[in-house]
Amino acid sequence: MEEGYTNTWEWGVGEFMTSVSALDEQLRAGRKALRTLPGALLLGSTGARLWADYVEPVPGFAGRFDFIHKVNIPLLYKVTCSLAASFEPCRTEWRPSHLRMDYEDGRVTLKERKFISWDDCAVSCQTWTNRSGEELVLRLETDGSRFAERDGNELFGTFEIPHYSFDVAGAIAASDPELLKGLRIAPGETRQLVICAALGIAGADDRGLLRERAAAYAQSGLDAEQTAARHSAEYERWFEQAPAFRSSDALLNRTWTYRWFLLRHNLADPRYGHLPYPLFYEGRSHKKSKRPFAKGGWEFSKLINLSVPLHLMDARWYHDPVYCEGALRNMDASLGEDGLYRCLTVDEIMHSFANFSCWAAYQLYLVHRNKDTMAKLLPSLKRQIEGWKRIHGSDRDELMIEYKHTRTGKEYQPSYWYFHDYPRNPKDKSTYTHLKRVDRSVYHYLNTLGVAELCAVVGDPDEAAFRRLADRIRRDILAKMWDEESQFFYDLHYETDEKALVKNIVGIYPGWAQMIDDRYDGMIEHLFDPAQFHTSCPFPSVAADCPAYSKEGGWMGHFVKGRNGCVWDGPTWPYTNSIALDALAKESKRRGHRFDSHFAHYLREYAFLHFQQRDLERPGLVEHYNSETGEPLSDEQEYNHSYFIDLVISHVAGLAVGRDGIALDPLDIGLDYFRLDRLRVAGRELAITYRKPGAPVPGELAGLGEGYRLYADGKLVFASGGLCRTALTWRELDAVP
């Protein structure tokens, strides 16, 4: 198995072997805290419903905790110490599966390992040493107004959540019940403790179940170190169903691993209300408000239909499609009154963003061949096309009109204000113009084409009609939105079709959708122009020569949404970087691989956004960045609104999956070697390897053959002396002896 995904933990009766978790070692960081709250420590592990926005530097779980959605619970429990009023300064080390906190002074030593398990248990594993000459007393403290009931050695309580239909029930158990009244540790003595708070939905998860879950950690018979080790092993098992990638570029390797962590960190399974199926959240950090038991501000921890297709592009390569299918099934089960897929909380069906979910659903099918699932989803996928035409369509063409500048997820993009000469106050609705948008129209094209392909898969007679519609959409985008003189695609005035001559980053989306030919060869070169998109931190959301361009996200000199607000008039977003890189790679292949070196540069720049201060020892991706300096402009860590894994598989390794087979067409990004394996496609296990002739490789890859190779189910099915293009049908793959 590939390094980074090998499970090295074993335990049995009377024996417990510990080793180093490969994932934790690869991504471990030092002190990882919110930029806006330096004392707010981050926690990598998350439960199906429970997670921490942040934890305070105290033993236990104080900070801000959420259940299903943002609820801002300030305290689950903490341990107080008679010999230490504060645990700062302390040493902390963030790891994907847990947080380590170590504190030491002349009187007391504390070593804590804390995590949240997938079954929604907040577990603190503590080792205390009394270094003083007096007795040390430890006490377990909770929110006494809520955890007011005691039954034997457990505490029980309920958190009332005023802004959702559920309340949160909890049970707390400790390995030593003396903690509840005061545990005394003699001078020179060392004690290990395990404390667990199990949380669930009040009225649905009964007391016995909560007690059982809490006791499974606190009273398992394992000590603190063993409990933490067992959790790390269980956490890492999820990653065993992910493909493995290793190359000569440490930056790409680390980013690949972090991106799989990003999916796991944002994985949720609410099993309640409008979210009965698993899904990926766009993020788990709080935007704005952190007031106790208050919802306030924007919330990323819900189904946001804008980000669903971005999740699917990466997560479709996971061996189990349940998470990708779950997001689609949630939207399918809770269509809006207009038939559109919408943002969802467990209680509310919200607005709909522009998105390419129908196309992403087809990409999911190509990997997993989940025909029955797609047949069930197809009626609602069709309704997306019909709904978009009804709500956003024009009676003169097949282009899509956007009436609210927020609904493509790119609020305050300057083209909306082009026809009013970029007024100082963009919040005045009379100063912006509805537009026929390039991004929404391209999404509409891809969605229509995806539905046509799925109709073909299930034998639906509407295939031909959807293909004809896709052709008309493509024709209108190319005929009306392209400007021959400037070689770019532009948004249009919704009534007059006059071009809004603003080079938004979405102007290259037709290349991403592969709807262009050599008549449009000047389009992608705009990315390489320092006066436009080739800034120090590429790619800005609008070209730098736009009069409204602002690298840090203000509008014409003032911050209309605050210092960290989302304004698409210049900052760099991972969201559009992933699509722009996809477009660049496809254009490079279409034009004889002439842009491979450009793709290599921009892919690495995009990868660096995943690490604070470009330091590979400090992983952390946020929503948007200053396009000149690379400074993070938001403080929502582990932000999951882009894709990267698919770029590596599709363009670095070169794999494209079709209905009848696969094609290989890698870009040469200057690697000496790579190995992509544990890749499951259409019921087959594939591996793609490359080694430049004569290039040295590390010992664990010593058997890597030279040249470019494809393996299917362990058999070599294609080999070439160098990177090249080839195509194989499923029948040809299976015929290899």
Handout entry: Long-range neighbours under 9 Å by Cβ, at least six apart or interchain, first residue farther than 17 Å from Phe599 by Cβ and touching a residue at least 12 places away in the same chain (Cβ under 8 Å) within segment 503-521, second of a type in the set (Asp, Glu) and not in a helix (DSSP H, G or I)
Key = Lys503/Asp545; Asn504/Asp491; Val506/Asp491; Gly507/Asp491
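Yes/no per residue for (1) of a type in the set (S, T, N, Q); (2) modelled with pLDDT of 95 or more; (3) outside any loop (DSSP other than H, G, I, E, B):
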{"position": "Met1", "(1), (2), (3)": "no, no, no"}
{"position": "Tyr5", "(1), (2), (3)": "no, no, no"}
{"position": "Thr8", "(1), (2), (3)": "yes, no, no"}
{"position": "Leu37", "(1), (2), (3)": "no, no, no"}
{"position": "Gly44", "(1), (2), (3)": "no, yes, no"}
{"position": "Ala48", "(1), (2), (3)": "no, yes, no"}
{"position": "Trp51", "(1), (2), (3)": "no, yes, yes"}
Practice task
Please tell me if Leu303 is farther than 24 Å from Val648 by Cα and either touching a residue at least 60 places away in the same chain (Cβ under 8 Å) or not assigned by TED's automatic domain parsing to the domain that holds Asp143 (or both).
Solution key: yes
Practice task
Go through segment 449-477 residue by residue and tally those that are under 30 Å from the mean Cα position of the chain (by Cα) and within 17 Å of Gly658 (Cα to Cα).
Solution key: 8
Exercise for the section: Could you pull out the residue among Tyr625, Tyr549 that is in contact with a Ser or Thr (Cβ under 6 Å, 6 or more places away or on another chain), under 18 Å from Cys537 (Cα atoms) and touching a residue at least 60 places away in the same chain (Cβ under 8 Å)? Expected result: Tyr625
Exercise for the section: Could you grab the pairs with beta carbons closer than 8 Å, sequence gap of 6+ or different chains, first residue in segment 167-181 and assigned by TED's automatic domain parsing to the domain that holds Tyr217 and surrounded by 23 or more Cβ atoms within 10 Å (Cβ to Cβ), second one assigned to a loop (DSSP other than H, G, I, E, B) and among the aromatic types (Phe, Trp, Tyr)? Expected result: Gly170/Phe147; Ile172/Phe147
Fill in the blank from the handout: Note on Thr373: of the conditions (1) surrounded by fewer than 22 Cβ atoms within 10 Å (Cβ to Cβ); (2) touching a Lys or Arg at 6+ places or on another chain (Cβ under 6 Å), unmet is (2)
Practice task
Would you mind finding the one in Ala62, Ala85 that is under 24 Å from Glu178 (Cβ atoms) and within 26 Å of the chain's Cα centre (by Cα)?
Solution key: Ala62
Completion exercise
Checked against (1) under 30 Å from the mean Cα position of the chain (by Cα); (2) among the acidic types (Asp, Glu); (3) at negative phi, Glu706 satisfies every condition except (1)
Problem - Of residues in segment 395-431 being surrounded by fewer than 21 Cβ atoms within 10 Å (Cβ to Cβ) and hydroxyl-bearing (Ser, Thr, Tyr), the one farthest from Ser352 (Cα to Cα) - result: Tyr422
Exercise for the section: Spot the failing condition for Pro538; the list is (1) of a type outside the set (Gly, Ala, Ser); (2) in a loop (DSSP other than H, G, I, E, B); (3) under 24 Å from Arg474 (Cβ atoms), and only one is missed. Expected result: (3)
Problem - Selected residue (criterion: surrounded by the fewest Cβ atoms within 10 Å (Cβ to Cβ)) from residues of segment 517-547 that are of a type in the set (A, V, I, L, M) and within 24 Å of Trp417 (Cα to Cα) - result: Ala531
Practice task
Could you tell me whether segment 565-577 includes any residue that is in a loop (DSSP other than H, G, I, E, B), surrounded by fewer than 24 Cβ atoms within 10 Å (Cβ to Cβ) and not polar (S, T, N, Q)?
Solution key: yes
Practice task
Those residues that are more than 22 Å from Ala242 (Cα to Cα) and either among the β-branched types (Val, Ile, Thr) or outside any loop (DSSP other than H, G, I, E, B) (or both), I need them from segment 613-646; list them, please.
Solution key: Gln613, Arg614, Val622, Tyr625, Thr629, Pro632
Problem - Residue that is nearest to the chain's Cα centre (by Cα), among those in segment 174-203 that are more than 19 Å from Asp151 (Cβ to Cβ) and in a loop (DSSP other than H, G, I, E, B) - result: Gly182
Problem - Wholly within segment 291-396, helices (runs of 4 or more DSSP H) carrying at least 1 residues that are among the aromatic types (Phe, Trp, Tyr) - result: 322-333, 357-368, 371-392
Exercise for the section: Give me a count of the residues in segment 685-737 that are touching a Phe, Trp or Tyr at 6+ places or on another chain (Cβ under 8 Å), of a type outside the set (Phe, Trp, Tyr) and surrounded by 13 or more Cβ atoms within 10 Å (Cβ to Cβ). Expected result: 20
Fill in the blank from the handout: Counted residues in segment 156-166 being aromatic (Phe, Trp, Tyr) and either without any contact (Cβ under 8 Å) to a residue 60 or more places away in the chain or surrounded by fewer than 16 Cβ atoms within 10 Å (Cβ to Cβ) (or both) come to 1
Fill in the blank from the handout: When His311 is run through (1) touching a Phe, Trp or Tyr at 6+ places or on another chain (Cβ under 6 Å); (2) modelled with pLDDT of 95 or more; (3) surrounded by fewer than 24 Cβ atoms within 10 Å (Cβ to Cβ), the failure sits at (3)
Handout entry: Residue satisfying all of: in segment 654-684; surrounded by 20 or more Cβ atoms within 10 Å (Cβ to Cβ) and free of Cβ contacts under 8 Å to residues at least 60 places away in the same chain; farthest from the chain's Cα centre (by Cα) among these
Key = Pro666
Completion exercise
Checking Ser634, Ser627, Ser650, Ser642 in turn, the sole residue that is farther than 30 Å from Tyr54 by Cα, of a type in the set (Gly, Ala, Ser) and surrounded by 19 or more Cβ atoms within 10 Å (Cβ to Cβ) turns out to be Ser650
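The values are calculated or read from the model by the stated rules, or taken from the named source; none is laboratory data. Small disclaimer: the values here were computed from a predicted structure and weren't measured. Neighbour counts are summed over all protein chains in view; Cβ atoms, including those assigned to glycine, are modelled from backbone coordinates with ideal geometry.
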